[in-house]
Amino acid sequence: MEDVEIPEYFICPISLQIMKDPVTIVTGITYDRDSIECWLSKNPNSNAICPVTKLHVSRDSNLTPNHTLRRLIQSWCVSNGFNVVDQVLTPTKPPLSKCYVLNLVLDLSVPRTENIKTLEKLEMLAKENNERNNTYMVEVGVHEALINFLIQCYMKCDTNGLEKALSTLSLIWDSFPSCHENNKVENREEILIDSITWALGLERNMQNHATIKNHAMSLLRSIIGKANSSTLDRLKPQLFEKIIRVLRESGSNTTTIAQKGVDNALHVILNTSHSGKNRNIMIQSRAIFELIELEINFSSNKKTKELIFEILFNLCSCADGRAQLLSHAAGIAMITKRILKVSPIVDEKAIMILCLITKYSATSGVLQEMLKVKSVSKICTVIQANCASHVKDKAREILRNHFDFWKNSPCVEVVTLTRYA
């Protein structure tokens, strides 16, 4: 391509690349569609400036396809050979207008059988992940319309269109102002989360239940990620019960929820577990027990294991959490086995969990079990391994605090223990 002189009028003034979809704006200048759409959408005001002429251009101005130039570019690419210039395959999609998106919103507000087709069109726009599409959807109220549709599904216990509505909302939620910045949504935030809770609780014998739960969990993660502390403190026990049920089904391999769905569920639990109220609800719902089962039976992904250990650490900060972990026959053994086997994050959280247990829940039975499952040996190994200094300090603290109990154990050399006594 370096040896071929490209005609100047084939080049987009913004990207400086051959145009794939040339469109002309009201100033008479032609740009590549993606480049000018991105330029216009980034302007915070109602009017943008044409990059070439510096004239004001409405952000909603039409982009007229330049079919003649498109054909010239295609012909020129072909004539220069595929081995010299890559053929430019230009799309012929009609320009998207705000009016088109607004009509979709209006169609969705009227209950009828065509709603499914409307939802499919909105989902296609969302999947394009185009900045101008996203801007139009925010401006005409697609988010509010989909939220209303989702709430109506919940109120009527009607799953018709539910999958598409959840999918589209999860795709565009991050482009939407947070709820506390949008009064329309803030007033309906509680019932929105109730609607998602309902979707997560749909029975397994229902068609597309796994896909619906995957989309619902993705949307819930996005909502929680932008929620303020007041919202997090108002979350209901039923929500956590449904999330933990999804994890339980995943751990027992009785559901087809995707790995991404499991990770989204774990992110929701992690981001809400900093609240003492939420931690208590999770523990009452046997979250720790289910997380251990999930780690043993389902988790093979490093990121999933890290999320599980981060949550376990948060939940073990209270007595009931530690008691639940200790009540699981494989609790301490699972924590121990993962040390130095997964990642530095897991190493840190595992040692911190053992530190909490030995500091606040160290009965003779617990200390004896740590010998049995080789926790003490693993702690000694951490001290000698290439771990972070603060992790080693916690390991030394564990050994110092229980030196008298462990010093005569055959599985640990007395000399090693004496160094940290």
Selection from the range 229-241 of residues that are open to solvent by 50 Å² or more (accessible area, probe 1.4 Å) and assigned to a helix (DSSP H, G or I):
Ser229, Ser230, Asp233, Pro237, Gln238, Glu241
With the requirement that a residue be more than 26 Å from the chain's Cα centre (by Cα), hydrophobic (A, V, I, L, M, F, W, C) and assigned to a helix (DSSP H, G or I), what does the range 327-351 give you?
Ile332, Ala333, Met334, Ile351
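Going through the range 390-410 one residue at a time, which ones are assigned to a loop (DSSP other than H, G, I, E, B) and in contact with a Ser or Thr (Cβ under 7 Å, 6 or more places away or on another chain)?
Listed by number, the list holds a single entry, His402.
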Qualifying residue in the range 166-173 (condition: modelled with pLDDT under 90 and not polar (S, T, N, Q))
no
Pairs needed: first member in the range 47-69, closer than 10 Å to Thr24 by Cα; second member anywhere, open to solvent by 30 Å² or more (accessible area, probe 1.4 Å) and small (Gly, Ala, Ser); C-beta distance under 8 Å; at least 6 residues apart or different chains.
Asn62/Ser97
Could you tell me how many of the residues in the range 309-333 are farther than 19 Å from Cys387 by Cβ and open to solvent by less than 40 Å² (accessible area, probe 1.4 Å)?
14
Which members of the range 59-79 meet the condition of being among the small types (Gly, Ala, Ser) and open to solvent by 50 Å² or more (accessible area, probe 1.4 Å)?
Ser75, Ser79
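The values are calculated or read from the model by the stated rules, or taken from the named source; none is laboratory data. Note that the coordinates shown come from a computational prediction; the quantities given were computed from them, not determined experimentally. Please note: Cβ atoms are built from the backbone with ideal geometry, for glycine as well, and neighbour counts cover all protein chains shown. The area values use the complete protein model at the heavy-atom level, side chains included, leaving out ligands, DNA and RNA. Shrake-Rupley method; radii C 1.70, N 1.55, O 1.52, S 1.80 Å.
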